[in-house]
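**Q** I'd like to ask you about the structure that follows.
The values are calculated or read from the model by the stated rules, or taken from the named source; none is laboratory data. Just so it is clear, the structure is predicted and the values come from calculations on it, not from any experiment. Ideal geometry is used to build each Cβ from the backbone, glycine not excepted, and the neighbour counts take in all protein chains shown. Ligands, DNA and RNA are stripped out before the accessible areas are found, and what is left, the full protein with its side chains, is counted by its heavy atoms. Shrake-Rupley method; radii C 1.70, N 1.55, O 1.52, S 1.80 Å.
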Amino acid sequence: KLFFSGLTAMEKKLAEYKCNTNEAIQLKLVRFPEDLEDDNTTFNPEYSHQVFGDDEVAFGYKGLKILLYYIAGNLSTLFRIEYTSKVNEKFDCVEADDVESKIREIIPPGFCTNTDDFVSLLEKEVNFKPFGMLLHTYAIHNEEAGEDITYQIYKADMTCPGFREYHERLQTFLMWFIETASFIDVDDERWNYFLVFEKYNKDGATLFATVGYMTVYNYYVYPDKTRPRVSQMLILPPFQGEGHGAQLLETVHRYYMSSPTVLDITAEDPSENYVKLRDFVLVKLCQDLLCFSPAKLMQGFSQEMVTEAQQKLKINKQHTRRVYEILRLRATNMGDAEQSRSYRLDVKRRLIGPYKKKQRELAKMRRCLRPEEMTNQLNQIDLNMQREQLEESFQQLVSDYRRVLERLAQA
């Protein structure tokens, strides 16, 4: 009895030494020395499971802070660990997690460990210039600052001096903000890198801050074409929700549009947010093509749409189909029973494709396994479930499409 109560007291004590790593990790993009003390400039990861395991917990510390501060432009890094107390092997018979080596595994060497070194690097930041070739400049009105802020998008590659080291620092952010992130093989020359920077002023000079980036891999398509595939895309949290993702994706499309050897652009395992962003950008690019005129939309999805979107805008067939459905929704009066029914059937016909395939496979299996009556009953049950699922998918799709159209109307 005594032993057990002792154990739980010990367990209680040790439980106090567990820290949620998403809260413990504090990130900053630093422009001015005073940013170091300003809590408003701190942001936290969305994920840390790739570094700290599925529980996203570090054991052995109270008040653990893992500071990862980056200079806004070239991303020189300050890495420090702070805590109020730590378990001790001698007294507590347990060992604290080696937090430092876990972080060192993903951040490149050459970081600062004290604030003074970091601040003196900050003074040299005025020499930092974006890498590569300028593709696009745009401005966004900032309410807080009460002025327009200028942003620029560059295309870079590993031949740009200093870019390899910069990219190593930049990609560490993927671990904290993309659930299934992995680092890429930068020695493969088929990677393209697109970077977004903000221009800002400091003591009368113009400086550049990193906003986000995208990596694209150029797949070879026989005999003489390439199919660029978007691999990773990240807009850093302080800049999210301002429209940079759309600017970046549109700029990348425009870059490849001018290349005669590019077939079309795809994406690797896209997230839901990325699909919404892509819908918006592609609809914006396509809406003025002749093949998407309201009259032609009402006649249904056509090969002409596929060809024109691919040749002029490098959009693949699957994505063109979504663009068609979104633009047709805009052209459809959903209050009109006939128009609404026609739209619903058109979209559901596409959605039912995978179901029908599954149906055929099931029927094949059952022919071998079950008597005829049984099959018919099962098919009936399946069909009712299918109808519900189909209706649900359709409603979800329409509400996603409406959001795209609302954003388009504001653009």
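Here is a yes/no grid of residues against (1) farther than 23 Å from H167 by Cβ; (2) over 13 Å from the mean Cα position of the chain (by Cα); (3) hydrophobic (A, V, I, L, M, F, W, C):
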residue: V230; (1), (2), (3): no, no, yes
residue: F280; (1), (2), (3): yes, yes, yes
residue: L285; (1), (2), (3): yes, yes, yes
residue: L290; (1), (2), (3): yes, yes, yes
residue: M305; (1), (2), (3): yes, yes, yes
residue: Q310; (1), (2), (3): yes, yes, no
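**Q** Read through the list (1) more than 17 Å from N74 (Cα to Cα); (2) touching a helix residue (DSSP H, G or I) at 6+ places or on another chain (Cβ under 6 Å); (3) of a type outside the set (A, V, I, L, M); (4) surrounded by 14 or more Cβ atoms within 10 Å (Cβ to Cβ), then give the number of the only condition that D97 fails.
**A** With (1) more than 17 Å from N74 (Cα to Cα); (2) touching a helix residue (DSSP H, G or I) at 6+ places or on another chain (Cβ under 6 Å); (3) of a type outside the set (A, V, I, L, M); (4) surrounded by 14 or more Cβ atoms within 10 Å (Cβ to Cβ) applied to D97, the lone miss is (2).
**Q** Does at least one position in region 255-264 carry a residue that is among the aromatic types (F, W, Y) and open to solvent by 30 Å² or more (accessible area, probe 1.4 Å)?
**A** Yes, that holds for at least one residue.
**Q** Going through region 166-183 one residue at a time, which ones are open to solvent by 30 Å² or more (accessible area, probe 1.4 Å) and either farther than 22 Å from A246 by Cβ or in contact with a Leu (Cβ under 8 Å, 6 or more places away or on another chain) (or both)?
**A** E168, R169, I178, T180, S182, F183
**Q** Could you grab me the full set of residues in region 25-35 that are in a helix (DSSP H, G or I) and either in contact (Cβ under 8 Å) with a residue 24 or more places away in the chain or small (G, A, S) (or both)?
**A** Of everything in region 25-35, just one residue is in a helix (DSSP H, G or I) and either in contact (Cβ under 8 Å) with a residue 24 or more places away in the chain or small (G, A, S) (or both), namely P33.
**Q** Continuing with the same structure: Does I81 satisfy the criteria of being in contact with an Asp or Glu (Cβ under 7 Å, 6 or more places away or on another chain) and modelled with pLDDT of 95 or more?
**A** Yes: the conditions hold for I81.
**Q** Which condition breaks for E46 when tested against (1) surrounded by 13 or more Cβ atoms within 10 Å (Cβ to Cβ); (2) modelled with pLDDT of 95 or more; (3) under 23 Å from the mean Cα position of the chain (by Cα)?
**A** Result: E46 fails condition (1) only.
**Q** What's the number of the condition E82 fails, among (1) in contact with a Leu (Cβ under 8 Å, 6 or more places away or on another chain); (2) buried (at least 17 other Cβ atoms within 10 Å of the Cβ); (3) within 30 Å of M10 (Cα to Cα)?
**A** Result: E82 passes all but (2).
**Q** Among (1) touching a residue at least 12 places away in the same chain (Cβ under 8 Å); (2) open to solvent by 50 Å² or more (accessible area, probe 1.4 Å); (3) farther than 19 Å from Y47 by Cβ, which single condition is G204 missing?
**A** So the condition that G204 fails would be (1).
**Q** What do you reckon, is Y217 more than 25 Å from A72 (Cβ to Cβ), hydroxyl-bearing (S, T, Y) and part of a helix (DSSP H, G or I)?
**A** no
**Q** Quick test for you: out of S120, S101, pick the one residue that is within 30 Å of V57 (Cα to Cα) and of a type in the set (G, A, S).
**A** Of S120, S101, the one residue that is within 30 Å of V57 (Cα to Cα) and of a type in the set (G, A, S) is S101.
**Q** Quick one: in region 10-24, of everything that is charged (D, E, K, R) and in a helix (DSSP H, G or I), which residue is surrounded by the most Cβ atoms within 10 Å (Cβ to Cβ)?
**A** The qualifying residue surrounded by the most Cβ atoms within 10 Å (Cβ to Cβ) is E23.
**Q** Further question: Failed condition for F163, given (1) closer than 30 Å to R104 by Cβ; (2) loosely packed, with under 15 Cβ neighbours inside 10 Å; (3) among the aromatic types (F, W, Y), with all others met?
**A** F163 satisfies all of (1) closer than 30 Å to R104 by Cβ; (2) loosely packed, with under 15 Cβ neighbours inside 10 Å; (3) among the aromatic types (F, W, Y) except (2).
**Q** Please determine whether any residue of region 120-128 is among the hydroxyl-bearing types (S, T, Y) and either under 19 Å from I235 (Cα atoms) or touching a residue at least 40 places away in the same chain (Cβ under 8 Å) (or both).
**A** Among the residues of region 120-128, not one is among the hydroxyl-bearing types (S, T, Y) and either under 19 Å from I235 (Cα atoms) or touching a residue at least 40 places away in the same chain (Cβ under 8 Å) (or both), which makes the answer no.
**Q** Here are I315, I352, I326: which of them is at pLDDT below 90, among the β-branched types (V, I, T) and within 29 Å of the chain's Cα centre (by Cα)?
**A** Unique residue meeting the criteria: I352.
**Q** Which of the numbered conditions does G241 fail, given that it passes all the others? Conditions: (1) at negative phi; (2) without any contact (Cβ under 8 Å) to a residue 40 or more places away in the chain.
**A** Unmet for G241, out of (1) at negative phi; (2) without any contact (Cβ under 8 Å) to a residue 40 or more places away in the chain: (1).
**Q** Hey, Y69 hits all of (1) over 26 Å from the mean Cα position of the chain (by Cα); (2) buried (at least 19 other Cβ atoms within 10 Å of the Cβ) but one; which does it fall short on?
**A** For Y69, the failing item is (1).
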